[in-house]
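Here the structure comes first, spelled out in structure tokens, and everything after it is commentary.
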Amino acid sequence: MIKSKSDYIEYLNRDRIALEVNTNSMSSKIKNLFFPNPVWRFQKLMRKLEYYTNCKNKGLYKLYILYLKYRYRLISVKLNFSIPINIFGPGLSIVHYGTIIINYTTKVGANCRMHACVNIGASGGEIQGPILGDNVYIAPGAKIFGNIRIPSNTAIGANSVVNKSFEKENTIIAGIPAKELGTIDIKKLIRHG
């Protein structure tokens, strides 16, 4: 969770690296001006909203937070995201825009790489959503739900339905319902972590 200006800057930098957004060269600045990456715009706005909500939520800043929430809602609808703030650690990489739905009680660690059509939420009348560790890769179409825990350094396969906790790190989880299929070097899927 962003708790200071330095956290905010670190989260932005790690998200930029995760998304492989180059902002250093003149050609990349021109490219970003005319063809901005919509996911990067979304993530920058999400981090800004997190910073102001967590650190500067008094006085006139409350009006600015309302404005940021309005802009955040607009871009969320445009990209088909339903992602509350303060869910993801630094190094988030949303690979594609397209349906992504996250429950507000979910917590995800650093360096999460996530594809389109992912649903993460509570189930069965429970309030608490899943808690995912660091360096988790979530393939397209994965559904993760319930009061469960997913360990760090885990890859979740495409179209998997994960409804129970796992404990062993460096594993691939896939299937309906999901089960452990083997081991993996997560650095092959998440290079920035």
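The values are calculated or read from the model by the stated rules, or taken from the named source; none is laboratory data. Here the structure is a predicted model, which means the values were calculated and not measured. No Cβ is skipped: glycine too gets one built from the backbone with ideal geometry, and neighbour counts run over all protein chains shown. For accessibility, only protein heavy atoms count, side chains too; no ligands or nucleic acids. Shrake-Rupley method; radii C 1.70, N 1.55, O 1.52, S 1.80 Å.
Numbers below:
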| item | result |
| --- | --- |
| Any hit, the stretch 119-139, residues being under 14 Å from the mean Cα position of the chain (by Cα), more than 27 Å from Asp7 (Cα to Cα) and part of a loop (DSSP other than H, G, I, E, B) | yes |
| Every pair of residues 6+ apart whose Cβ atoms lie under 7 Å, when the first sits in the stretch 92-103 and is crowded, with 21+ Cβ neighbours inside 10 Å while the second is among the β-branched types (Val, Ile, Thr) and in a loop (DSSP other than H, G, I, E, B) | Ile100/Ile83; Ile102/Ile83; Ile102/Ile87 |
| Scan of the stretch 181-193 for residues that are open to solvent by 60 Å² or more (accessible area, probe 1.4 Å) and in a helix (DSSP H, G or I), ordered by number | Lys187, Lys188 |
| Residues of the stretch 18-39 satisfying the condition of being part of a helix (DSSP H, G or I) and touching a strand residue (DSSP E or B) at 6+ places or on another chain (Cβ under 9 Å) | Ala18, Val39 |
| Matching entry among Asn153, Asn170, Asn111 (being touching a residue at least 60 places away in the same chain (Cβ under 8 Å) and touching an Asp or Glu at 6+ places or on another chain (Cβ under 8 Å)) | Asn111 |
| Residue in the stretch 158-170 that is least open to solvent (accessible area, probe 1.4 Å), counting only those that are in contact with a Pro (Cβ under 8 Å, 6 or more places away or on another chain) and within 14 Å of Leu132 (Cα to Cα) | Val162 |
| Residue within the stretch 150-164 that is assigned to a strand (DSSP E or B) and closer than 20 Å to Met1 by Cβ present | yes |
| Residues within the stretch 133-150 that are closer than 23 Å to Lys187 by Cβ and either in contact (Cβ under 8 Å) with a residue 24 or more places away in the chain or among the hydrophobic types (A, V, I, L, M, F, W, C) (or both), tallied | 11 |
| Residue list for the stretch 65-91, filter: surrounded by 15 or more Cβ atoms within 10 Å (Cβ to Cβ) and aliphatic (A, V, I, L, M) | Ile65, Leu68, Ile75, Leu79, Ile83, Ile85, Ile87 |
| Among the residues listed as Ala155, Ala178, the single one being within 20 Å of Leu92 (Cβ to Cβ) and either open to solvent by less than 10 Å² (accessible area, probe 1.4 Å) or out of contact with any strand residue (DSSP E or B) (no Cβ under 7 Å at 6 or more places or on another chain) (or both) | Ala155 |
| Residue, nearest to Val77 (Cα to Cα), within the stretch 17-49, restricted to residues that are more than 14 Å from the chain's Cα centre (by Cα) and open to solvent by 90 Å² or more (accessible area, probe 1.4 Å) | Phe35 |
| Hits in the stretch 104-122 (condition: open to solvent by less than 40 Å² (accessible area, probe 1.4 Å) and out of contact with any Lys or Arg (no Cβ under 9 Å at 6 or more places or on another chain)) | Thr105, Thr106, Val108, Gly109, Cys112, Met114, His115, Ala116, Ala122 |
| Among (1) of a type outside the set (Phe, Trp, Tyr); (2) surrounded by fewer than 14 Cβ atoms within 10 Å (Cβ to Cβ); (3) in contact with a helix residue (DSSP H, G or I) (Cβ under 9 Å, 6 or more places away or on another chain) - the single one Lys56 does not satisfy | (2) |
